[in-house]
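See structure below.
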Amino acid sequence: MKRYTIFVITENFIGILNRITIIFTRRGINIDALTASESSVDGIHRITIEVTTSEEMVVHLVNQIEKIIDVIKAFYHEDSGVVYQEIALYKIPVARLDGSLEKIIRQHHAKIISAEQEFVVLEVAGHKEQTQELLEILKGYGLLEFARSGRVAVAKRMRTIDQYLS
Amino acid sequence: MKEESMIRGADIVVQSLIAEQAEIIFGYPGGAIMPVYDALYDYHEQIKHVLTRHEQGAIHAAQGYARVSGKVGVCLATSGPGATNLITGLADAQIDSTPLVCITGQVAAHLLGTDAFQETDVVGISMPGTKWNIQVRRVEDIAPAIAKGFYIARSGRPGPVLIDITKNAQVDFGQMNYTPCLGFRSYKVHQPIDPNAIQKAAELIKEAKRPYLLFGQGVVLGKAETELKFFLDKTGIPAASTLLGSGALSEDHPNYVGKLGMHGNYAPNLLTNQCDVLIAVGMRFDDRVTGDLKRYAKQAKVIHLELDAAEINKNVKVEVGVLGDCKESLSMLTEAVEQGSHPEWLGKFRELEQMEKEAVMQHDITPTKVGLTMGEVISQINRYKADDAVLVTDVGQHQMIAWRYFHYKKTRTQITSGGLGTMGFALPAALGAQLHDYSRQVICVVGDGGIQMTIQELGAIMQTKAPVKIVLLNNNYLGMVRQWQQMFFDKRYSFTELDNPDFIKLAEAYGIKAQKVTERNTLTESIEDMLIHDGPYFLEVVVEKEDNVFPMIATGCSVEEVRLS
Ligand SMILES: Cc1ncc(C[n+]2csc(CCOP(=O)(O)OP(=O)(O)O)c2C)c(N)n1
Ligand SMILES: [Mg+2]
């Protein structure tokens with residue numbers, strides 16, 4: 001079992017995400033995180049899926065995904081093959097802001113992206129281990145809400161999206 | 001605004017089908033598809049429509065038509081229950097790679113998502129069971145969707161497509177300028193064959209002492225029957241067929257050694273674990289073929305010629321995967337290999353075949369008991385059938401027996417539900433196969449259980465006068481399940497015995513000539529009568545109630561554990 005990032009480059013058509021997730025459901029594989037967004041090319045979507053499974057399974061999954069008619073390309077990498085980032089938001093009550101928290105914010109390279117009357121929102125970008133570590137700490141500061149994005153990632157391999165399109 | 005040249009969406013649907021050279025539609029009307037039915041009224045000279053008695057019948061008929069003709073089968077149904085009745089057929093066509101375009105009506109676009117009358121999310125429901133599907137909500141999207149649908153259904157590894165068209169799109173007016181689809185960027189059909197893979201495969205074959213070839217339906221779908229024959233002629237390699245591969249190679253070919261799988265032949269299964277190079281062509285190593293994968297052909301180096309990349313290394317790890325159309329790869333491989341022959345190795349197959357003859361076939365074909373066997377019925381059919389007769393079977397013991405004993409000589413003569421094992425498939429599929437060509441002999445072998453799942457299609461046979469020859473092998477049991485109960489559940493026959501209707505009266509009620517055989521001495525004559533009869537014919541043969549199909553590889557067993565009794 002290892003962590004893999006699956007990249008899917010696809011036409012932006014209705015239902016495509018459904019078709020992709022069905023493949024995971026059929027094999028009984030849990031999706032750790034999923035991010036979908038427009039790519040740098042008009043009309044092309046990019047979906048990043050994080051899974052923890054065996055390499056054999058990830059190959060099956062990618063092959064099945066690539067079989068979907070509207071999918072242009074699917075491929076996968078281990079963590080070492082990608083540069084990736086996740087973003088986490090933490091909502092903390094203003095009442096708990098003190099000197100020690102300030103220090104923590106600085107240590108974790110967190111940013112205050114919103115300060116309201118009753119709460120502040122901190123933002124951290126990093127790997128899951130980092131955002132998780134801060135989460136554990138902030139639980140001691142009356143954390144009101146926490147949200148973490150799926151992974152956004154780029155492959156280290158030198159290929160452009162246009163190469164997949166041609 | 002409506003311009004002079006505009007036509008209704010419903011007319012665009014029908015004209016698009018005609019543009020794709022569809023000759024026949026199998027369907028069933030209803031509210032949400034009524035505009036298309038109204039349009040069909042005007043085109044009856046250009047395109048035929050067959051009213052089945054159930055949408056499942058329509059889609060199986062379209063499958064039968066597609067399988068026998070190699071063309072895309074077309075199916076039409078209304079929204080809601082009409083659409084959901086197609087699901088079994090879609091799943092069946094998906095797993096057996098049958099090209100279909102199914103068009104369903106849908107409630108008007110402004111009602112979508114509101115639980116309107118007969119609204120069902122058929123695109124969502126059919127997603128895992130289609131190669132592609134789409135909902136069309138605007139008249140201008142109809143023709144492009146149908147063009148794309150036909151292209152997807154028939155290209156690459158074929159499969160079913162569903163196009164759901166909202167009622168507003170059918171009644172709105174739009175321009176008809178049909179452009180056939182010739183491809184698009186996310187779907188690449190033609191993969192050039194890797195010459196290195198061919199080279200590697202040829203080397204393995206050259207070194208092989210006991211090479212063995214398995215062929216599946218991919219050979220039929222890829223129209224590679226001649227290429228397969230040339231390869232076998234040149235190499236002398238023994239070859240065995242999967243259930244859906246039967247017919248791709250004439251059983252009279254000297255290298256043909258029989259059938260694979262749970263109820264296939266003894267030698268082809270057993271010797272899978274003795275070959276040194278295994279060449280799989282257009283087949284997908286289904287678990288009914290491989291038995292226990294952990295003990296499947298472990299000694300062999302596997303070469304897999306396959307169009308679908310997802311199938312290579314899916315179940316069986318291969319030494320060489322040759323991705324691409326097997327028509328091309330087979331002829332390249334034939335060129336790359338040397339002339340050869342394997343008389344000793346082939347002899348081994350013949351030896352074991354003899355064992356099967358003595359232990360199984362003798363009982364099946366020339367029984368000594370009073371009761372008739374399914375095997376003798378099929379072997380009598382062989383005596384009188386045409387060389388290119390199409391055999392359509394349902395699912396169960398009769399399916400396995402008919403497959404085992406039918407003498408396949410021509411391609412596209414084997415129509416059965418392989419991957420899904422859909423009871424109720426045969427009767428409508430035979431109708432569809434027959435409607436492709438009235439002059440072709442279409443023999444439908446069906447069980448007393450399965451026929452009752454779609455028996456209403458006797459009505460469609462009556463109305464079309466399709467001269468299907470229906471052979472009901474009546475054992476008064478859900479025989480295949482009963483066999484498992486006998487073998488693996490202590491003979492506890494839980495809900496498998498059937499109280500059946502008078503099938504002869506039933507067939508006659510539909511105006512179909514019918515005859516019942518209960519004695520051996522009238523069997524041959526009855527089969528002859530049936531086959532020369534001009535028109536549909538219903539032959540019920542009462543067979544031994546508790547006969548079993550052998551050889552058998554029980555679930556979880558290895559191919560080498562194939563049993564003769
Ligand atoms: C739709 C469907 N339901 C259930 C089954 C399970 N099943 C497989 S074979 C069989 C018995 C078929 O009985 P019959 O049609 O009489 O054929 P026989 O085996 O007796 O030749 C059953 C119930 C199936 N394959 N398909
Ligand atoms: Mg039966």
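The values are calculated or read from the model by the stated rules, or taken from the named source; none is laboratory data. This is a predicted model, so every value here is computed, not measured. Glycine gets a Cβ as well: all are built from the backbone with ideal geometry, and neighbour counts include every protein chain shown. Ligands, DNA and RNA are stripped out before the accessible areas are found, and what is left, the full protein with its side chains, is counted by its heavy atoms. Shrake-Rupley method; radii C 1.70, N 1.55, O 1.52, S 1.80 Å.
Of the residues making up the range A:44-65, those that are at the interface with another protein chain (Cβ under 10 Å from one of its Cβ atoms) and under 10 Å from residue A:10 (Cβ atoms) are A:44, A:65. One residue stands out in the range A:24-40 among those that are more than 9 Å from chain B (Cβ to nearest Cβ) and not in a loop (DSSP other than H, G, I, E, B): the one that is surrounded by the fewest Cβ atoms within 10 Å (Cβ to Cβ), namely A:37. Of B:146, B:142, B:125, all but one fail to be surrounded by fewer than 23 Cβ atoms within 10 Å (Cβ to Cβ), assigned to a helix (DSSP H, G or I) and either in contact (Cβ under 8 Å) with a residue 40 or more places away in the chain or polar (S, T, N, Q) (or both); the exception is B:125.
Is it the case that residue B:507 is open to solvent by less than 10 Å² (accessible area, probe 1.4 Å), more than 14 Å from ligand 2 (Cβ to nearest atom) and either touching a Pro at 6+ places or on another chain (Cβ under 9 Å) or not in a helix (DSSP H, G or I) (or both)? Taking the combined requirement at face value, the residue satisfies it. Taken over the range B:282-302, residues that are buried (at least 21 other Cβ atoms within 10 Å of the Cβ) and not small (Gly, Ala, Ser) amount to 7. Just one of (1) open to solvent by less than 50 Å² (accessible area, probe 1.4 Å); (2) within 13 Å of ligand 2 (Cβ to nearest atom); (3) part of a loop (DSSP other than H, G, I, E, B) trips up residue B:499, so point out which. Condition not satisfied by residue B:499: (1).
Quick grid of which residues meet (1) surrounded by fewer than 17 Cβ atoms within 10 Å (Cβ to Cβ); (2) under 28 Å from the mean Cα position of the chain (by Cα); (3) more than 30 Å from residue B:429 (Cβ to Cβ):
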| residue | (1), (2), (3) |
| --- | --- |
| B:304 | no, yes, no |
| B:307 | no, yes, no |
| B:317 | yes, yes, yes |
| B:336 | yes, no, yes |
| B:342 | no, no, yes |
| B:383 | yes, yes, no |
| B:389 | no, yes, no |
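Exactly one residue out of B:440, B:482 is within 12 Å of ligand 1 (Cβ to nearest atom) and modelled with pLDDT of 95 or more, and it is B:482.
Within the range A:148-158, the residues that satisfy the criterion of being part of a loop (DSSP other than H, G, I, E, B), in contact with a strand residue (DSSP E or B) (Cβ under 9 Å, 6 or more places away or on another chain) and open to solvent by 30 Å² or more (accessible area, probe 1.4 Å) are A:149, A:156, A:157.
Looking across the range B:445-462 at every residue that is open to solvent by 10 Å² or more (accessible area, probe 1.4 Å) and more than 16 Å from ligand 2 (Cβ to nearest atom), the one that is nearest to the other protein chains (Cβ to nearest Cβ) is identified as B:456. In the set (1) on the phi < 0 side of the Ramachandran plot; (2) open to solvent by less than 60 Å² (accessible area, probe 1.4 Å), the condition left unmet by residue A:43 is number (1).
In the range B:213-281, counting only strands (runs of 3 or more DSSP E) that sit wholly within it, the ones holding 2 or more residues that are surrounded by fewer than 24 Cβ atoms within 10 Å (Cβ to Cβ) span B:256-259.
The test for being modelled with pLDDT of 95 or more and at negative phi does not hold for residue B:44. When the range B:1-23 is limited to residues that are open to solvent by 40 Å² or more (accessible area, probe 1.4 Å) and small (Gly, Ala, Ser), the one that is nearest to residue B:44 (Cα to Cα) turns out to be B:19.
I'd like to know if the range B:535-542 contains one or more residues that are within 28 Å of the chain's Cα centre (by Cα), closer than 30 Å to residue B:260 by Cα and open to solvent by 70 Å² or more (accessible area, probe 1.4 Å). Within the range B:535-542, not a single residue is within 28 Å of the chain's Cα centre (by Cα), closer than 30 Å to residue B:260 by Cα and open to solvent by 70 Å² or more (accessible area, probe 1.4 Å).
Does residue B:74 meet the test of being closer than 21 Å to residue B:57 by Cα, assigned to a strand (DSSP E or B) and away from chain A (no Cβ under 14 Å)? In short, yes.
A quick yes/no check of all residues on (1) of a type in the set (A, V, I, L, M, F, W, C); (2) out of contact with any His (no Cβ under 8 Å at 6 or more places or on another chain):
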| site | (1), (2) |
| --- | --- |
| A:32 | no, yes |
| A:41 | yes, yes |
| A:50 | no, yes |
| A:54 | no, yes |
| A:76 | no, yes |
| A:81 | no, yes |
| A:85 | no, no |
| A:116 | no, yes |
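Filtered by the rule that a residue be touching a strand residue (DSSP E or B) at 6+ places or on another chain (Cβ under 6 Å) and in a helix (DSSP H, G or I), the range B:510-565 gives B:523, B:526, B:530, B:559.
For residues in the range B:422-444 being touching an Asp or Glu at 6+ places or on another chain (Cβ under 9 Å) and part of a loop (DSSP other than H, G, I, E, B), which is farthest from ligand 2 (Cβ to nearest atom)? Among them, the one singled out is B:440. Taking the residues in the range B:463-480 that are more than 9 Å from ligand 2 (Cβ to nearest atom) and in a helix (DSSP H, G or I) as candidates, determine which candidate is least open to solvent (accessible area, probe 1.4 Å). Going through the qualifying residues, I end up with B:464. Criterion first (more than 20 Å from residue A:162 (Cα to Cα) and either open to solvent by 60 Å² or more (accessible area, probe 1.4 Å) or within 14 Å of chain B (Cβ to nearest Cβ) (or both)) does residue A:15 satisfy it? Considered against the rule, which asks whether it is more than 20 Å from residue A:162 (Cα to Cα) and either open to solvent by 60 Å² or more (accessible area, probe 1.4 Å) or within 14 Å of chain B (Cβ to nearest Cβ) (or both), residue A:15 comes out as yes.
Within the range B:106-126, is even one residue of a type in the set (Ser, Thr, Tyr) and away from every other protein chain (no Cβ under 13 Å)? Checked against the condition, which is being of a type in the set (Ser, Thr, Tyr) and away from every other protein chain (no Cβ under 13 Å), the range B:106-126 yields at least one hit. You will find that of B:435, B:431, B:420, B:427, the residue that is within 16 Å of residue B:96 (Cβ to Cβ) and in contact (Cβ under 8 Å) with a residue 60 or more places away in the chain is B:420 and no other.
For (1) surrounded by fewer than 18 Cβ atoms within 10 Å (Cβ to Cβ); (2) not small (Gly, Ala, Ser), each residue gets a yes or a no:
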| residue | (1), (2) |
| --- | --- |
| B:60 | no, yes |
| B:65 | no, yes |
| B:80 | no, no |
| B:86 | no, yes |
| B:108 | yes, no |
